[in-house]
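**Q** So that we are looking at the same thing, I have put the structure below in structure tokens.
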Amino acid sequence: MTLVRLTGVSKHYGTVRALEGVSLEVHAGQITCVLGDNGAGKSTLIKIIAGLHRHDGGTLDIEGEETVLNSPREALDRGIATVHQDLAVVPLMPVWRNFFLGSEPRTGLLRRLDVDFMRRTTHAELLRMGIDLRDVDQPIGTLSGGERQCVAIARAVYFGAKVLILDEPTAALGVKQSGVVLKYVAAARDRGLGVVLITHNPHHAHLVGDRFVLLRRGTMVGSHTRDEITLDELTSQMAGGSDLESLRHELERG
Amino acid sequence: MSATLDKTHDERILRTSPLRRLLSRPEFGSVVGALAVFLFFAVAADGFLRASSLGTVLYASSTIGIMAVPVALLMIGGEFDLSAGVLVTSSALVSSMFSYQMTADTWVGVGVSLLVTLAVGAANGFVLTRTRLPSFIVTLGTFLMLTGMNLGLTKLIDGTVSTKTIADMEGFPSAHAVFASTLTVGGVDFKITIIWWLALVAIASWILLRTRAGNWIFAVGGNQDAARAVGVPVTRTKIGLYMGVAFGAWISGQHLLFSYDAVQSGEGVGNELIYIIAAVIGGCLITGGHGSAVGSAVGALLFGMTSKGIVFAEWNPDWFKFFLGAMLLLATLLNTWVRKRAEAAA
Ligand SMILES: Nc1ncnc2c1ncn2[C@@H]1O[C@H](COP(=O)(O)OP(=O)(O)O)[C@@H](O)[C@H]1O
Ligand SMILES: [Mg+2]
């Protein structure tokens, strides 16, 4: 099933053309990878799906219905959860408060926070992803980058997201931690979520991706399914094929 | 709770000791400071330990504390309010002048004042979230405008810089009882503001730690964009925080009015910094996202003990500002150091 479909979407920031004519599909139980260099427009693309920015042209369909998202809340209510690259968590707040932020369960006449439930659930949900936190009260900023990404993924899965968007979850991570995060991305997919994985690492993309969208300077330069493209082709397309060839010549020593 | 967690946890649990928990509380530094100041004046100032002094010190603390509580919440939410000091005076002036000019019941003035004061708070929050200017600029603007209006309107309406007495009006005794009365417990006089103060601390603590709004306050102060992205209503939270400060200003303003029955329109300037200092001494992070209501109360208590302790010690009160500055620096250093250690080891 197509959960999200972008068709010919464009976005301008004032006079900056950040996106032009980009199309992409997100299917349930599949991972759609968006690849591109820094400044290619990857974050802009997902901010449109996440409700942070409105698109200027093209269409956004959610479960077959044309939509304009006006706020992140609307996106969340439609089952789209996003882990942003630059604004994922509130570092000084405890893990359990971050886990439920924006969707806090309440109890009793005075509608107080259900703190016991929140603590217990956070611990249990993270344990299911293989993270055994010694203390859910510790500020989330004290977790490693990989653990933080996993908390965010666990959170989206717990709140019943249908679409999970991850903006460069492995960008700042080492090899081992990247592996852990990719495992959880695959786990989310196996649970039937449609995943959008943003990365500039073709190796990571090819490990888990079902379809690949390549962006360069705001335009779409390629869109492939997994059986259409090999890792080498993906890598060279991503690096800009001929650009890489000329770079090789420049760097060759005589 | 902890019992069930302990079972599922492994040996690493040992690393978060109760001591570390205590150290990472925002108010830890201020409590140490308060103990030190208490001991200091207990030794240095005759009469500081007398029972009657307790009432005096707590009264001084409460007049600051009532405002330090909402100012602390606002600061945890990542903003300042430089208009808080003069807003107290504005609130008293509106109450007094409305009652006097309309020759109504003092309670009508009190009610109108509440509405007007809350509206100013809401306006602060609205302009801030709409324009996205720093709160320093927005509330500095409000501060200047209110300072001018307090004096200008009072002179225009009453002809002098202070309002006419409303002591002979209907409702004055009951309003005085609510906002400015004295309770005697065990031979010691306690002002009712102490009760207002403690109630505000309790309510604010509950909101911060046990409600959804509290979670939102920490979040908008700690990382506004992250909060917005997960669906926290940032604008509503910030406007609410400014209205909280306005509510505190209303209580303080009514106390000012009903304890003296007339108001000096030039008062209040500079107090906004004292509220902020109390909140910072109490462990509020100036950049937002961290702090507590109890801490602001300890900060206010430090303020009260120092201002009265200097009097009891019969020193020149000019030294008060010196002490305040030194305490601010020491408490902030201590807070920063403690937090760093607690976080590094967490
Ligand atoms: N809020 C913004 N205002 C103006 N320009 C922006 C904004 N966000 C991104 N851009 C610009 O849009 C382009 C694409 O940025 P982005 O989507 O963040 O790229 P990526 O995530 O692929 O690195 C860049 O040139 C960037 O400078
Ligand atoms: Mg990006």
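Nothing in this text is a laboratory measurement; each read-out follows from the coordinates by a stated rule. What you see is a predicted model, and the numbers here were worked out from it, not measured in a lab. No Cβ is skipped: glycine too gets one built from the backbone with ideal geometry, and neighbour counts run over all protein chains shown.
**Q** Arranged by the count of other C-beta atoms within 10 angstrom, fewest first, what order do B:TRP196, B:TRP337 take?
**A** B:TRP337, B:TRP196
**Q** Under 5 Å between amide H atoms, partner at least 5 residues away or on a different chain: which partners does A:LEU19 have, H built in plane at 1.01 Å?
**A** Counting only residues 5 or more places away or on other chains, the set is A:LYS11.
**Q** Of the candidates A:LEU52, A:LEU207, A:LEU182, which one comes out as most mobile in a Gaussian network treatment of chain A with C-alpha springs shorter than 10 Å?
**A** A:LEU207
**Q** OK, next. Taking only DSSP H segments of four or more residues, each worth -39500 (n - 2.57), what value at 222 nm results for chain A once the sum is divided by all its residues, to the nearest 500 deg cm²/dmol? Write down the numbers at each step before the final one.
**A** Details: 9 runs with 89 residues, N = 254.
Rounded to the nearest 500, it is -10000 deg cm²/dmol.
**Q** Let me ask something else. Would you tell me the mean number of C-beta atoms belonging to other protein chains that fall within 10 Å of each C-beta in A:195-207, as a whole number?
**A** 0
**Q** Still on this structure, I have one more. Student exercise: in the protein assembly as shown, how many lysine pairs 8 or more apart or on different chains have Cα atoms under 16 Å apart?
**A** Lysine pairs meeting the criterion: 5.
**Q** Under a 5 Å amide H to amide H cut-off, with H placed in plane at 1.01 Å, what residues pair with B:GLY77 once short-range neighbours are removed?
**A** Those qualifying (amide H under 5 Å, at least 5 residues apart or on another chain) are B:GLY289.
**Q** Right, something else. So for the stretch B:50-345, Kirkwood radius off the Cα pairs, Stokes-Einstein at 10 °C and 1.306 mPa s: how many µm² s⁻¹?
**A** After rounding, the answer is 81 µm²/s.
**Q** Mind checking the mean number of beta-carbon atoms from other chains within 10 Å of the Cβ atoms in A:95-101?
**A** 4
**Q** How do A:HIS12, A:HIS249 line up, fewest other C-beta atoms within 10 Å first?
**A** Values: A:HIS12 15, A:HIS249 8.
Lowest count first: A:HIS249, A:HIS12.
**Q** Right, another one. Angle, helix A:145-158 long axis vs. longest principal axis of chain A, Cα atoms, 0 to 90°, nearest 10?
**A** Compared with the principal axis, the helix lies near 70 degrees.
**Q** Next question, about the same structure. Spelling out what I want: for every residue of the stretch B:150-157, take phi, set θ = phi - 60°, compute 6.51 cos²θ - 1.76 cosθ + 1.60 (Karplus), and round to whole Hz; glycine and proline get x.
**A** Karplus values, whole Hz, x for Gly and Pro: 3, 6, x, 5, 5, 5, 5, 8.
**Q** Which value, to two decimals, describes the C-alpha radius of gyration of the protein assembly as shown once divided by 2.2 N^0.38 Å?
**A** Dividing the Cα radius of gyration by 2.2 N^0.38 Å gives 1.16.
**Q** Let me ask something else. Helix B:28-44 against the longest principal axis of chain B: what's the angle in degrees, Cα atoms only, rounded to the nearest 10?
**A** Taking Cα atoms only, the helix is inclined about 60 degrees.
**Q** Work out from phi, with θ = phi - 60° and the Karplus expression 6.51 cos²θ - 1.76 cosθ + 1.60, the ³J(HN,Hα) of each residue of the stretch A:94-103, listed in order in whole Hz, and give x for Gly and Pro.
**A** Each residue of the stretch A:94-103 in turn: x, 4, 5, 5, 5, 4, 9, 3, x, 9 Hz.
**Q** Give the long-range amide H neighbours of A:VAL196: residues separated by 5 or more places, or on another chain, with amide H under 5 Å away, using H modelled in the peptide plane at 1.01 Å from N.
**A** A:THR32, A:LEU164, A:ILE165, A:LEU166
**Q** Rank the residues A:PHE212, B:PHE172 as a footprinting-exposure proxy: fewest other Cβ atoms within 10 Å of their Cβ go first. Spell out each step's value before the answer.
**A** Values: A:PHE212 26, B:PHE172 19.
In increasing order of surrounding Cβ atoms, one gets B:PHE172, A:PHE212.
**Q** What average count of beta carbons from other chains do you get within 10 Å of the Cβ of residues in A:70-76?
**A** Details: counts 0, 4, 6, 6, 1, 2, 3.
That average works out to 3.
**Q** Please compute the net charge surrounding B:SER135, taking Lys and Arg as +1 and Asp and Glu as -1 over other residues with Cβ under 14 Å from its Cβ.
**A** For residues surrounding B:SER135, the net value is 0.
**Q** With N set to the residue count of the stretch B:161-279, report its C-alpha Rg divided by 2.2 N^0.38 Å to two decimal places.
**A** On the way: Rg = 18.4 Å, N = 119, 2.2 N^0.38 = 13.5 Å.
Ratio of Cα Rg to 2.2 N^0.38 Å: 1.36.
**Q** Something else about it: Per-residue HN-Hα couplings for the stretch B:179-191, Karplus 6.51 cos²θ - 1.76 cosθ + 1.60 at θ = phi - 60°, whole Hz, x for Gly and Pro?
**A** With coefficients 6.51, -1.76 and 1.60, one gets 9, 9, 7, 10, 10, 10, 10, x, x, 10, 8, 10, 6 Hz.
**Q** Which of the peptides A:31-43, B:144-156, B:181-193, B:51-63 is most tightly packed, and how do the rest follow, going by the mean number of other Cβ atoms within 10 Å of each residue?
**A** Values: A:31-43: 22.0, B:144-156: 15.9, B:181-193: 14.4, B:51-63: 20.1.
In descending order of packing, they fall as A:31-43, B:51-63, B:144-156, B:181-193.
**Q** What do you get for Rg/Rh of chain A when both radii come from the Cα atoms and Rh is the Kirkwood radius? Working shown, then result.
**A** Working: Rg = 19.2 Å, Rh = 19.1 Å.
Reported Rg/Rh (Cα atoms, Kirkwood Rh): 1.00.
**Q** As I understand it, the value is the acute angle between the Cα axis of helix B:84-101 and the longest principal axis of the Cα atoms of chain B; what does it come to in degrees, rounded to 10?
**A** 30
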